[in-house]
C-alpha cells in the first residue's frame, strides 16, 4: 500500500532534480520502496535519471496545458500507478514554472525548493507554493554568504512559520541526510481518497489557452484580465 | 559555548578515523590541511551540521558535550556555526549599509554599521563605502565584509573558513578580528604560512582525520620566518598594485 506522496515543487533550475537525486539513495538505504513522477511541459530526460537509479518512474508531458493543472488532473491515476508498483513513497517533481499555482493537496507532504542565489525577495514571490508547504529546501547554499543565507531563512520563516527548513548543496549532497531522515520518518497516510487541493488554482481558459495566436481584443474570449492603468 | 568535541568516524574505506576524540576551544585557531579530496570540506560540513552518526563519515560533533535532538540540530546549527566558503558571493540587491541592518534585524541585534565597515576596511586595501551596492563589491571587499559581518553580527561562536589566501585580503588582521571576538576559528588551507599560524593543525587523509599535530618550537621559528616573508610579499604586492618600482 502506498504510504506517502511527497511533492517537490519549485521554479526552473532551482535544483529539484538534484535534491531528489541526493535523497533517493538515502531513502533506498532505509528499505523504502520508491517511485517517481516527473511533470514537464516539453520533453525531459529526467525520467532516465530515475530509471538509472533503479526505481519505477513515469514522465508526464503536459504540452499545451498548464503543468500544475495537468498534474492535479492525473493524481488519482498516479496514486494508483504507484500502488501497483508496490511503492511506499511516491515522489512527484513538478515542472518549474510560473509559481502561481501549487498542486499540493492535503494528503501530500508538500515541499518547495528555493535557490539561495535568487533574490532575497524571491520567497515572497512564490505564493501558495511556499506559504502552504510542509517543508522548504534551500539549495546552492555554498554560493551565498552566511548572512544572506540567514536573511533568506528568516524571510521563509516569516512567510511560513510552520514549515521544516533544510539547506542542501545539491552538487555534493551536503545536508541531504537531514531531509531524507525527516521524509523517511513521516507517518503514513491511511488512504488517498477524497483528496483536496490546499489552495485553489487561478482560472485559465482564455482564447490563448486554446491556441489563438492573433493579438487584439476582438480575438479574446473567456476569462480575460486587463492591467489597470 | 565553551568547546567543540569531534568524535571520530570512518574514512572512505571504512577504517576508523585516526582520532577517537578531539576537543577544540573558543578563542583558538585551528588549521585543516591535506590533499584535495582528503575530506577537509566534509569535516567542515560535519561540524556545520553538528553530525551525529548520520553523515557518510559517521562522525559525531558535540557542543560542550551536549547531545542535541534532531530538531534542535536543525535549529541550532546556524546559531553555533558560521561558514565562509570559497564560492560565496553577495547576491542581495541592496547597499552595504542596508544589508548590514537587515542581517542585524534577522539576528535581533542593534549594531553600529560604521564600526563593521571600519573593521572590514582594516582587512581590505580598497575601502568599502556604506552606500555602495553590495553585489558590486570586489572579491577582496566581499570577503572582508563577510568576515567583519561574521565577527560583529553573527553570534555563532564557531567560524569555518575555506582557503582565505585567494581573496586578496589581510589574513593576519582577519583572523585577529575573529579571535578578538572569542571565536573558535577553523581554516582549511594549502598555504604553509596559514597552516603554521595555528598551534594545532588537523591533517586529513582518505576522508578522515589522520592526525592532529602540535606546532613544535622549530615549526614556530619557521612560522616567524614565513611571517616575515608574507609581510615582505604584501609590501611588494602593494607597491606593484600602486604602480611603483620594486627595486
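The values are calculated or read from the model by the stated rules, or taken from the named source; none is laboratory data. Note that the structure is predicted; figures quoted are calculated from it, not measured. Cβ placement follows ideal geometry from the backbone for every residue including glycine, while neighbour counts extend to all protein chains displayed.
Brief remarks on what is shown
- Among the residues of the range A:13-61, just one is surrounded by fewer than 22 Cβ atoms within 10 Å (Cβ to Cβ), in contact (Cβ under 8 Å) with a residue 24 or more places away in the chain and part of a strand (DSSP E or B), namely A:40.
- All positions within the range A:187-201 that are farther than 17 Å from residue A:77 by Cα and within 18 Å of the chain's Cα centre (by Cα): A:198, A:199, A:200, A:201
- For the residues B:53, B:2, the requirement of being modelled with pLDDT under 95 and over 19 Å from residue B:82 (Cα atoms) singles out B:53.
- Check on residue A:154, within 9 Å of chain B (Cβ to nearest Cβ), closer than 26 Å to residue A:79 by Cβ and either part of a helix (DSSP H, G or I) or without any contact (Cβ under 8 Å) to a residue 24 or more places away in the chain (or both): no
- Flag for residue A:137 being away from every other protein chain (no Cβ under 11 Å), more than 22 Å from residue A:199 (Cβ to Cβ) and not in a helix (DSSP H, G or I): no
- One residue stands out among those in the range B:104-116 that are within 14 Å of chain A (Cβ to nearest Cβ), under 20 Å from residue B:180 (Cβ atoms) and not in a loop (DSSP other than H, G, I, E, B): the one that is nearest to the chain's Cα centre (by Cα), which is B:116.
- Residue count, the range B:1-25 (criterion: part of a strand (DSSP E or B) and surrounded by fewer than 21 Cβ atoms within 10 Å (Cβ to Cβ)): 10
- Only one of B:158, B:222 that is closer than 24 Å to residue B:23 by Cα, touching a residue at least 24 places away in the same chain (Cβ under 8 Å) and in contact with a helix residue (DSSP H, G or I) (Cβ under 8 Å, 6 or more places away or on another chain): B:158
- Condition broken by residue A:181, with the remaining ones in (1) in a helix (DSSP H, G or I); (2) at pLDDT 85 or above; (3) more than 20 Å from the chain's Cα centre (by Cα) satisfied: (3)
- Count - residues of the range A:69-84 that are touching a strand residue (DSSP E or B) at 6+ places or on another chain (Cβ under 8 Å) and either at pLDDT 95 or above or in a helix (DSSP H, G or I) (or both): 8
- Answer residue from the range B:153-168, given it is closer than 25 Å to residue B:35 by Cβ and in a loop (DSSP other than H, G, I, E, B) and is farthest from the other protein chains (Cβ to nearest Cβ) among those: B:168
- Residue check, residue B:94 farther than 24 Å from residue A:157 by Cβ, in contact with a helix residue (DSSP H, G or I) (Cβ under 6 Å, 6 or more places away or on another chain) and at pLDDT below 95: no
- Unique residue being on the phi < 0 side of the Ramachandran plot and surrounded by fewer than 17 Cβ atoms within 10 Å (Cβ to Cβ) when the list is B:149, B:162, B:155, B:191: B:155
- Every residue from the range A:110-134 that is out of contact with any helix residue (DSSP H, G or I) (no Cβ under 7 Å at 6 or more places or on another chain) and either more than 13 Å from chain B (Cβ to nearest Cβ) or not in a loop (DSSP other than H, G, I, E, B) (or both): A:110, A:111, A:115, A:122, A:125, A:126, A:127, A:128, A:129, A:132, A:133, A:134
- Residues located in the range B:194-219, provided they are within 21 Å of the chain's Cα centre (by Cα) and surrounded by fewer than 16 Cβ atoms within 10 Å (Cβ to Cβ): B:199, B:200, B:211, B:212, B:214
- Restricting attention to the range B:178-188, the residues being buried (at least 21 other Cβ atoms within 10 Å of the Cβ) and in contact (Cβ under 8 Å) with a residue 40 or more places away in the chain number 6.
- Answer residue from the range B:131-146, given it is away from chain A (no Cβ under 11 Å) and assigned to a helix (DSSP H, G or I) and is surrounded by the fewest Cβ atoms within 10 Å (Cβ to Cβ) among those: B:136
- The one condition in (1) at the interface with chain B (Cβ under 9 Å from one of its Cβ atoms); (2) at pLDDT 90 or above; (3) assigned to a loop (DSSP other than H, G, I, E, B) that residue A:172 fails to fulfil: (2)
- Screening residue B:221 with (1) at pLDDT 95 or above; (2) more than 15 Å from residue B:33 (Cα to Cα); (3) not in a helix (DSSP H, G or I) gives one miss only, at (3).
- Among the conditions (1) more than 7 Å from every other protein chain (Cβ to nearest Cβ); (2) out of contact with any strand residue (DSSP E or B) (no Cβ under 6 Å at 6 or more places or on another chain), the only one that residue A:177 does not satisfy is (1).
- Strands (runs of 3 or more DSSP E) completely within the range B:26-89 that count 1 or more residues being surrounded by fewer than 21 Cβ atoms within 10 Å (Cβ to Cβ) and either more than 13 Å from chain A (Cβ to nearest Cβ) or touching a strand residue (DSSP E or B) at 6+ places or on another chain (Cβ under 6 Å) (or both): B:29-33, B:60-63
- Evaluated against (1) facing chain A (nearest Cβ under 10 Å); (2) modelled with pLDDT of 95 or more; (3) part of a loop (DSSP other than H, G, I, E, B), residue B:100 falls short on exactly one condition, (3).
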